[in-house]
Amino acid sequence: MARPDPPPLDFSQETPTLDHSASPNLPFMPSPTHVIPLVRLASLSLRLMLLTMLACLAWPVTAMAQPRGETDLARELLHDMQARSIRESREFCGMIGIDAQGRYVVGPISRGTAARCAFRRPRTAKRIVASFHTHGGYLPDYDNEVPSIIDLESERATGLRGYVATPGGRFWLVDGETSRVTLICGPKCLPWDPRYTQGEFETIARSYSRQQLFERAR
């Protein structure tokens, strides 16, 4: 099924977006149709325990991935911000939250400088789940094709996920919980600066740990 077109960006007001009522982060409230007799419940619990044990043996345990809807929303927002960010050679940024109805809401988009941007919280958000920002335009001898250690430390301080668009059109996840940045797609999977020269810096990996970002910044 085709996804609906995202709402136009509003640089002054927050915008309610995708329905997040099925989010795994929201508590499940059982209805009367979900009540299970105690005898069946005990048997079901035993079967679930055995299945869980078998699953752990079959697949390695990995960290929980970011919600697909959140990633798609961040990519759409960054896609629409890239052209202006590149043209003005400055960062643009925002925050994604979830409101009382379980919907994603996006705060006002901030216009930053060449190297920083002030995030603004969505007014109706009950909790914040992610941030997003661009890296402006191409600058010679400036390594902005990878999220910086400052980007990662900001997300580590809040425990949030962050999404970054680079001048070369790369789309990154900055995970504050795992202290790692991971390339989702690119280069050129987002609008990109024609001045960008692929390969100007050393080969860019698909993922960096916190220590590797510290070393890269030296």
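The values are calculated or read from the model by the stated rules, or taken from the named source; none is laboratory data. What you see is a predicted model; the values in this text were computed from it and never measured. Glycine also receives a Cβ, built like all others from the backbone with ideal geometry; neighbour counts cover every protein chain displayed.
Odds and ends about this structure:
Okay, residues lined up against (1) within 17 Å of Arg116 (Cα to Cα); (2) modelled with pLDDT of 95 or more; (3) out of contact with any Gly (no Cβ under 8 Å at 6 or more places or on another chain):
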residue	(1), (2), (3)
Tyr142	yes, no, yes
Glu145	yes, no, no
Asp151	yes, yes, no
Glu155	yes, yes, no
Val164	yes, yes, yes
Gly169	no, yes, no
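- Search result, residues across region 109-128 that are surrounded by 20 or more Cβ atoms within 10 Å (Cβ to Cβ) and touching a Phe, Trp or Tyr at 6+ places or on another chain (Cβ under 8 Å): Ile109, Cys117
- Any chance Gly186 is modelled with pLDDT under 95, touching a Phe, Trp or Tyr at 6+ places or on another chain (Cβ under 6 Å) and either under 21 Å from Leu73 (Cβ atoms) or of a type in the set (Gly, Ala, Ser) (or both): yes
- When region 102-131 is filtered for residues that are touching a residue at least 60 places away in the same chain (Cβ under 8 Å), in a loop (DSSP other than H, G, I, E, B) and under 15 Å from the mean Cα position of the chain (by Cα), only Gly107 remains.
- Residue match in region 146-160 (condition: more than 16 Å from Ile86 (Cα to Cα) and in a strand (DSSP E or B)): no
- Scope region 203-218; condition touching a Lys or Arg at 6+ places or on another chain (Cβ under 9 Å) and either modelled with pLDDT under 95 or of a type in the set (Asp, Glu) (or both); matching residues: Ile204
- Hits in region 79-104 - residues which are under 21 Å from Ile128 (Cβ atoms) and in contact with a Lys or Arg (Cβ under 8 Å, 6 or more places away or on another chain): Glu91, Phe92, Gly94, Met95, Gly97, Ile98, Asp99, Ala100
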